[in-house]
Every structure is written in structure tokens, then in C-alpha cells.
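Colleague: Let me give you the structure first, and then I'll get to my questions.
The values are calculated or read from the model by the stated rules, or taken from the named source; none is laboratory data. None of the values given here were measured: they were computed from a predicted structure. Note that each Cβ is placed from the backbone with ideal geometry, even for glycine, and that neighbours are counted across all protein chains shown. Note: areas computed on protein heavy atoms with side chains; ligands, DNA, RNA excluded. Shrake-Rupley method; radii C 1.70, N 1.55, O 1.52, S 1.80 Å.
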Amino acid sequence: MNREAYEAVIGLEVHTHLLTRSKLFCGCSTTFGAAPNANVCPICMGMPGVLPVLNRRVVELAIRTGLAAHCEITPYSIFDRKSYFYPDLPKGYQISQYETPICKGGYIDLPANGNGEPRRVRLTRIHIEEDAGKNIHGDSASLVDFNRSGVPLIEIVSEPDLRSAEDAGAYLRQLRAILRYVDASDGKMEEGSFRCDCNVSVRKRGAKEYGVRTEIKNLNSFRFVEDAIEYEVGRQIEIVESGGRVPQETLLWDPARKETRPMRSKEYANDYRYFPEPDLPPLVIPRAMVDEVRATMPELPADRRARYVREGLTDYEAGVLTADREVADYFEATLPGLKNRKSAANWVMTEVLRVAHDSGKALSDAVPPASEVGALLLMIEEQKISLNAAKTAFAAMVKSGKSAATTISELGLAQVSDEGAIAAACEKVLAAEPEKVAEYRAGRDKLFGFFVGAVMKALGGKANPKVINDTLRKKLAS
Ligand SMILES: [Zn+2]
């Protein structure tokens, strides 16, 4: 199989829950993990005769996402009914947006790839819709939990601008970062609040026309998305190479067997009998509302990345630190008073992220407050402690929750920078080793390290090495 002769064409549809307290059309709670059917009412249970009322916060969060992705905000849109039957959809239709999505166009810029090329992925649309309930299939019966029924979602649809599984992964990470930056979504994949459908086709490299595409449904981890696309691209190339035709169908990814398998033949828009939702008035978004939302927008990941690079960090460092807003905020909170941003960046990327990662907890629960890490870094800068002492102190602070100053003093980690004490120790060492001093003065430079080691030992390993070096050089030269 000549994989190089082909190009993958990938577009993604991401569904993400919005961070609202109540559902899209009723006042029920959106809290995850409640007892089955605890968060329900006649509206989200789809009882006849009830009337939906649109949640204003959903509209604001959709606009925030749209502005972050450079979309055009639609001033006048309507909701549509998307009809299909399934036990987790008691109304027999889902309220969605079809011809008039709340956001149109737009794009997302990805961090530069391995070749240093920036990539721009165009968006088709972002629309608002309600989630369905959840079927739970047991051995003797199937049950339905309607807690998720009516939870607000936005669907973010990209143009087919992605060309590899790796690109798709980068796009999803960037999109998730944006959603978290603007507080639209927590992006928690393990709770199903960020899921992705992938449209995949292949074509001969250089061809203009698209091949037949398949849709892989409901992927809820970055790894599954990358693995599923990788597999599906290979499968389609094999079919085309052997003279076959890729059937247009909807697939499921089986992560255990690492293969896609058919779910159903692809349905078309016609099958859903879209028509305007008669129970909701058109959604009118005045210019002033967009401006109001725009005024509250935070700095976005791409802007923050660019700023960090301007301030002296590398692309890589800026990329790691801005991938998550919490990490970027933490990094910045260590900075006040510090001269060296780079050492702070390093510290956060290694010590802080390692501890957070190993603990499996959220950053704020896993590591000491950023101001305390900043205090440690300042002590290094002022040569009050060594780098190694700072690492020892940090590990202790993670366990004890005590402040940097208390930890350094309790563990006796402060560095001796007192020039008088260091000079006295130097003199003692030199006086005890007259032969080595003579050899050094005769040209055996290597002995310098021996003297430094001896002085350091005499001071219990806590002396400032630079002061020792300077003092010894002066004394040996005289
Ligand atoms: Zn409800």
C-alpha cells in the first residue's frame, strides 16, 4: 500500500456541554453525577403541552466561544426541530439550530507543528442544541436516565481542513483550551462534556475532489480520535487501492480491537424532517449584546502564547504554559518580584506540572499556591537558597502545605552567604593544606575544585558556591 500517494481529508464536529447551572429550556440542574432522573421536570421529560424557555447564559457562552473563534455572530436566528425516535429522546425531536446557527465562519489557529508551520483551521458554524438522555442497558432490562436531557450543548463544526490524525489532535486540544479560557465549558471528556465526531475521507495527493467520507461517532478522548483516524485513513486507502469504493456510512470506534465498525448507513438531513420550532420565538441578538460580551473576553491562548514569546520564552515553553488557562495563570502568579521569567517557566513546566500530573488532581489542589513558589524562586534569585535546596523545600511544601519561608527555616536549607563566615572557612581550609596550596600556585589548576569542596563541607553544604569561588580565588592569588 502506497500511503504516501494519498492525502487524508478530515473535518471534526465537536459537541461540548456549556457551563451553565440550569438546562437549556428549563430550570433543572445540570450537575453531573446526580442520582438517575433526579434533575428532571415536565419540560426536559418532553411532556405534552409544556413550553421551553431559552436560557440567556447559553446564548452568552455561545457568543463568547464564537468571538474567541473569530466567527460572525448571527443577529437573527431560529431554533429547529430535528426529528428522530430513540428512547432517550422523549419528545421525539431534539431542539437544535439548522439553517441559522448562532455563529458562522471563523477559524482556529493551531500552534506551529514540527516543521514550524502555523496552521489555520476554518470553522463552518457553531450552533446551540439540547442533549438527549442516556440509555443504560442491563442484562434483563434497559433503563433511561433523563438527567442529561436538555443540558445545553454547542456543536462546533470545522471545515475539512485537517490532514492528519496528529492535526486533528492538535485542533481538539486548541479548541478545548479556548473553551476553557472563555469559561464556556470545562472540557471534561471523562464526563462526556466534550465529544467528537470525525468525518474522514482520502484522495490522491494533489486531487481537488473529495473522496467518499465516513463518519466516526462519539469519540471521547484525544487518543481515541487520533487512533480512529489513523486506522480509518489506512482502511480507506486499502479499499481505494484495491479498486473498491468506500461506502458512505457511520462508524463506531472499538478501542479494544482498535478498529472501526459500521453503526448504521449514513442518514441525510432529509431524514430528520427539520422544521422551525413553533414554541420558541426567533433568537434576536442585538449588536449591543455582542459588544457587551466582547468587553468581558479574556486574553486567548494564541494571544497569550505570542505574548510569552515576545517576553522571552521559546515557542515550546509558551505552548506548554498556555495549553491550559489554569497553568498559565499559575505561572504568571509566580512572577511578581522575579527578574528571571525563564527560570519560573522552567520550574512550573517541570516541578509543578510533574507533581500535578502524578497526583491526578487539579493543579490548585495538588501544588502549593503560586505565590509560595514565587517566594522560593525569589530566594534562589537572591542566592539565599540553592536550586537543590529549593527542590527539597518544594517537595516538603507539597506534603505539609507550609509556606516557603517556614519550610526553608525548619529544614535549615538557607544558604550561608555571609562573607565573613565563608572567608573564615576558606582560610581554615587553606591553612590546613599548605602542600596543596603550593601545588596549586605552581600550576595544578585542578586543585581549585578540591578547595571549593572542602570549604563547602566545612559549612555543612549550605554555603553560596559563588561566594566561595570568589573568596578562594582572591585568597589563592594573594
Ligand atoms: Zn427540566
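Colleague: With viscosity set to 0.692 mPa s at 37 °C, what whole-number translational diffusion coefficient in µm²/s follows for the range 81-214 from Stokes-Einstein and a Kirkwood radius over Cα pairs?
Modeller: The calculation lands on 189 µm²/s.
Colleague: Report D for the chain in µm² per second (integer): Stokes-Einstein, Kirkwood Rh on Cα pairs, 20 °C, 1.002 mPa s.
Modeller: 80
Colleague: Over all directions, average the projected area of the Cα convex hull of the range 325-422 and note it in nm².
Modeller: Over every viewing direction, the Cα hull of the range 325-422 projects on average to 6.2 nm².
Colleague: How high is the relative contact order of the chain, in percent, with contacts defined as C-alpha pairs under 8 Å that are six or more residues apart?
Modeller: 14
Colleague: Run lengths n ≥ 4 of DSSP H only: what is the helix-derived mean residue ellipticity at 222 nm for the chain, with -39500 (n - 2.57) per run over all residues, to the nearest 500?
Modeller: The helix-only estimate for the chain comes to -11500 deg cm²/dmol at 222 nm.
Colleague: Relative to the compact-globule scaling 2.2 N^0.38 Å, provide the ratio for the alpha-carbon radius of gyration of the range 187-229.
Modeller: 1.44
Colleague: Could you list, by residue number, the cysteines of the chain that have no other cysteine's beta carbon within less than 4.7 Å of their beta carbon?
Modeller: If one checks each Cβ against the other cysteines of the chain, Cys26, Cys28, Cys41, Cys44, Cys196, Cys198, Cys426 turn up with nothing under 4.7 Å.
Colleague: Right, next: Output wanted: per-residue J couplings in Hz (rounded whole) for the range 451-463, from phi through Karplus 6.51 cos²θ - 1.76 cosθ + 1.60, θ = phi - 60°, x for Gly and Pro.
Modeller: 4, 4, x, 5, 5, 4, 5, 5, 9, x, x, 10, 7
Colleague: Then there is this: Given 0.36 nm per residue, what is the gain on full extension from Ser403 to Ala38 after removing their alpha carbon distance, in nm?
Modeller: 127.1 nm
Colleague: At 7 Å along the Cα-to-beta-carbon direction for both Ala141 and Tyr86, put a label point, then send me their distance in nm to one decimal.
Modeller: 2.2
Colleague: Around Arg125, which amide H atoms from residues at least 5 apart in sequence, or from another chain, sit under 5 Å from its own amide H, with H modelled in the peptide plane?
Modeller: For Arg125, the qualifying residues are Gly105, Val157.
Colleague: Amide H to amide H under 5 Å from Tyr93: which residues, 5+ apart in sequence or cross-chain, H placed 1.01 Å off N in plane?
Modeller: Tyr84
Colleague: I would also like to ask the following. Using the basic label-point model (7 angstrom from Cα toward the beta carbon), what is the Ala256 to Val212 distance in nanometres?
Modeller: 3.0
Colleague: May I ask for the net charge around Tyr210, where only other residues with Cβ less than 13 Å from the Cβ of Tyr210 are counted and Lys, Arg are +1 while Asp, Glu are -1?
Modeller: +1
Colleague: Follow-up. Computing the accessible area with a 1.4 Å probe over protein heavy atoms, can you report the carbon and sulfur percentage for the chain?
Modeller: 53
Colleague: Please report, in whole Å, how far the alpha carbons of the range 193-296 spread along each principal axis, starting with the longest.
Modeller: That gives 57, 34, 33 Å along the principal axes, largest extent first.
Colleague: Collect residues whose amide H, placed 1.01 Å from N in the peptide plane, falls under 5 Å from the amide H of Leu283; neighbours closer than 5 in sequence don't count.
Modeller: Excluding prolines and chain starts, which carry no amide H, the hits are Ser77, Ile78, Phe79.
Colleague: Give a residue-ordered list of calculated ³J(HN,Hα) values for the range 360-367 (Karplus: 6.51 cos²θ - 1.76 cosθ + 1.60, θ = phi - 60°; whole Hz; x for Gly, Pro).
Modeller: x, 9, 5, 3, 5, 8, 9, 10
Colleague: Also, quick follow-up: Got a sec? Charge dipole of the chain, +1 on Cβ for Lys and Arg, -1 for Asp and Glu; which of Leu51, Ala396, Ala302 is way out at the positive end?
Modeller: The one lying farthest along the dipole's positive direction is Ala396.
Colleague: Can you give the Rg and Dmax of the range 308-364 based on its C-alpha atoms, in angstrom?
Modeller: Rg then Dmax for the range 308-364, in Å: 10.9, 33.
Colleague: Can you give the convex hull volume per residue for the Cα atoms of the range 62-103, as a whole number of Å³?
Modeller: 82
Colleague: Something else about it: Report the calculated FRET efficiency for Arg310 and Phe450 (r = Cβ-Cβ distance, R0 = 51 Å), to the nearest 0.05.
Modeller: The formula returns an efficiency of 0.65 here.
Colleague: Can I ask one more? With θ set to phi - 60°, apply the Karplus curve 6.51 cos²θ - 1.76 cosθ + 1.60 along the range 68-74 and write out the HN-Hα couplings as whole Hz, x wherever there is a Gly or Pro.
Modeller: For the range 68-74, the Karplus curve yields 5, 9, 6, 7, 8, 8, 6 Hz.
Colleague: With only alpha-carbon atoms counted, please give the Rg and Dmax of the range 1-125, in Å.
Modeller: For the range 1-125, the Cα-based Rg and Dmax read 19.1, 59 Å.
Colleague: Can I ask one more? Charges only on Cβ, +1 for Lys and Arg, -1 for Asp and Glu: so what's the dipole of the range 270-389 about the Cα centre, in debye to the nearest 20?
Modeller: Charge dipole, the range 270-389, about its Cα centre: 400 debye, nearest 20.
Colleague: How big is the accessible area of Tyr76 in square angstrom, nearest 10, if you roll a 1.4 angstrom probe over the protein chains?
Modeller: The accessible area of Tyr76 comes to roughly 130 Å².
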